[in-house]
């Protein structure tokens, strides 16, 4: 009886440790990716696809196109944004273009034209 209880406790401890490790790894990975994006950044226009409500946070899925290829990503957000078809500034890593950050506080008009390989600066028509 005592042996079963000890095994169960050990099992819970291993599960809890694995859970903490996964959380720490995902936080570190997100921070590392964001740092790389900001170091090697270029800008483009992203378009919102859909959102899912998780508690008081929205997870917004968005897409953007670089050199004719479409990329998809998602990001947590606390403010309400236009979904679908909202256009916002996206910062992407010029070396690893699938890594990106969307700037929900910088909405763009539908008329903004973007070069296929992105822009070095944010377009003047962004709502800052």
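Quick one: which strands (runs of 3 or more DSSP E) lie wholly within the stretch 62-122 and hold at least 3 residues that are touching a helix residue (DSSP H, G or I) at 6+ places or on another chain (Cβ under 8 Å)? Before you say what the answer is, go through the steps one by one.
On the way: elements: 69-77, 87-93, 100-107.
It comes to 87-93.
Could we say that residue 74 is surrounded by 14 or more Cβ atoms within 10 Å (Cβ to Cβ) and modelled with pLDDT under 95 here? Write out each step before concluding.
Working: surrounded by 14 or more Cβ atoms within 10 Å (Cβ to Cβ): yes; modelled with pLDDT under 95: yes.
So residue 74 fits the description; yes.
The values are calculated or read from the model by the stated rules, or taken from the named source; none is laboratory data. All of these numbers come straight from a predicted model, not from anything done at the bench. Using ideal geometry, Cβ is built from the backbone for each residue, glycine included, and neighbour counts are taken over all protein chains shown.
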